[in-house]
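Below is one structure, written out as structure tokens, with a few remarks after it.
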Amino acid sequence: MASNSKIEWTTHTFNPWIGCTEVSPGCAHCYAKDMMERRYHRVEWGAGKPRSRTTADYWKQPARWQRRAQLAGNRERVFCASLADWLDHEVPIAWLADLLTLIQTTPQLDWLLLTKRPEHWSERLHEVVRLKHKGADTLAAAWLDGKAPTNVWLGTTVENQAQAERRIPLLLTLPATLRFLSCEPLLEAINLLKCLPSNVRSENRLHWAICGGESGKEARTFDLQWARSLRGQCQAAGVSFFFKQTGSHAIDSSEQHAMQHSLKDPKGGNLAALPEDLQTREIPTQRVPLRNGEVL
């Protein structure tokens, strides 16, 4: 399948706007900030700094992907906002409404909406409803009423135990066809059991976890044992697991040595070069709604 993204777990990457504010330890060495603020001098990061909307021509790309997927009879995944956060409250609400309209008009695309701000979900959607903009209010109102868009996979970033315990319970309360975690950069071992409410319903579950170490010159240490622990927890819970990369500064405490990377693979993402027990890249199957409201 053709792809415009180098990210291994998606088909495409789409950025409706660019810019963000750092909110937790995982943001410390943000590649988007380094690229857009320091190297390209396009957008300044931080609270109160204006976000930059991408061009109208760029916004036409998902419609082309939609047509192609429809003709081929398949689905394509779109990771939305790799250079931003779709629930950033400093983004003009009309931009979010436009994004929801785009999602609504591309049903053959599975939109992967990842956020570090799940606590803003309700507030932002209520703002879209009040705006009454291009039909996005209909989608937002239905979502708030528990009817999640069938082509949205909803995810949150959990880089350490503190953020896992804060964000995962919030994610589980939000209506979603499929829920996922981005444990990248993973900064320590995570115990998922401590993050799951005792009264969580079977339909309010996690479906997918993406795991990886930090890349770049300032990359923090990543222990492969953290990934093995997370993989084991996912296997026990029936959650798909995707190991993306070791990062630039990985160790394996089970063998007391550091990982060696080639110059061609500084991020440690070459699947064949990974330890055999971490050569796992599972993609969950989207649950398709039936006429009676049940799901497969």
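For segment 3-34, a residue qualifies if it is buried (at least 18 other Cβ atoms within 10 Å of the Cβ) and in a loop (DSSP other than H, G, I, E, B), and the qualifying residues are TRP9, THR10, THR11, ASN15, PRO16, GLY19, CYS20, THR21.
Of all residues in segment 44-71, those that are touching a Cys at 6+ places or on another chain (Cβ under 9 Å) and crowded, with 18+ Cβ neighbours inside 10 Å total 2. Of all the numbered requirements in (1) buried (at least 19 other Cβ atoms within 10 Å of the Cβ); (2) more than 28 Å from LYS267 (Cα to Cα); (3) out of contact with any Phe, Trp or Tyr (no Cβ under 6 Å at 6 or more places or on another chain), VAL152 misses one, and that requirement is (3).
Of the set (1) closer than 30 Å to ILE93 by Cα; (2) in a strand (DSSP E or B), all apply to ILE251 but (1). Tally time: how many residues in segment 231-276 are in contact (Cβ under 8 Å) with a residue 40 or more places away in the chain and over 24 Å from the mean Cα position of the chain (by Cα)? Residues flagged as in contact (Cβ under 8 Å) with a residue 40 or more places away in the chain and over 24 Å from the mean Cα position of the chain (by Cα) within segment 231-276 amount to 1.
On the given criteria, is LEU186 in contact (Cβ under 8 Å) with a residue 24 or more places away in the chain and out of contact with any His (no Cβ under 9 Å at 6 or more places or on another chain)? So LEU186 passes the test. Exactly one residue out of THR106, THR101 is part of a helix (DSSP H, G or I) and among the polar types (S, T, N, Q): that is THR101. With respect to being assigned to a helix (DSSP H, G or I), modelled with pLDDT of 95 or more and of a type in the set (Asp, Glu), GLU123 fits the description. Looking across segment 147-177, just one residue is in a helix (DSSP H, G or I), within 14 Å of the chain's Cα centre (by Cα) and of a type in the set (Val, Ile, Thr), and that is ILE168. Listed by first and then second residue, the pairs with beta-carbon distance under 6 Å, at least 6 apart or on different chains, first residue in segment 83-107 and over 23 Å from THR177 (Cα atoms), second polar (S, T, N, Q), are LEU83/ASN15.
State whether one or more residues within segment 138-146 are under 21 Å from ARG64 (Cβ atoms), among the aliphatic types (A, V, I, L, M), touching a residue at least 12 places away in the same chain (Cβ under 8 Å) and crowded, with 21+ Cβ neighbours inside 10 Å. Scanning segment 138-146, I find no residue that is under 21 Å from ARG64 (Cβ atoms), among the aliphatic types (A, V, I, L, M), touching a residue at least 12 places away in the same chain (Cβ under 8 Å) and crowded, with 21+ Cβ neighbours inside 10 Å, so the answer is no.
Considering only residues that are of a type in the set (Gly, Ala, Ser) and touching a strand residue (DSSP E or B) at 6+ places or on another chain (Cβ under 6 Å), look in segment 190-222 and name the one that is farthest from TRP9 (Cα to Cα). Don't jump to the end; show me each part of the working.
Start the filter on segment 190-222 by keeping residues that are of a type in the set (Gly, Ala, Ser), which leaves 198, 202, 209, 212-213, 215-216, 219.
From the residues that got through so far, the ones that are touching a strand residue (DSSP E or B) at 6+ places or on another chain (Cβ under 6 Å) too are 209, 212-213.
Numbers: ALA209: 11, GLY212: 12, GLY213: 15 Å.
Looking at residues that are of a type in the set (Gly, Ala, Ser) and touching a strand residue (DSSP E or B) at 6+ places or on another chain (Cβ under 6 Å), I get GLY213.
Consider segment 199-230 and keep the residues that are farther than 17 Å from ARG166 by Cβ and small (Gly, Ala, Ser). The one that is nearest to the chain's Cα centre (by Cα) is GLY212.
The values are calculated or read from the model by the stated rules, or taken from the named source; none is laboratory data. What you are looking at is a predicted structure, and each value in this text was computed from that prediction instead of being measured. Backbone-built Cβ (ideal geometry, glycine too); neighbour counts: all protein chains shown.
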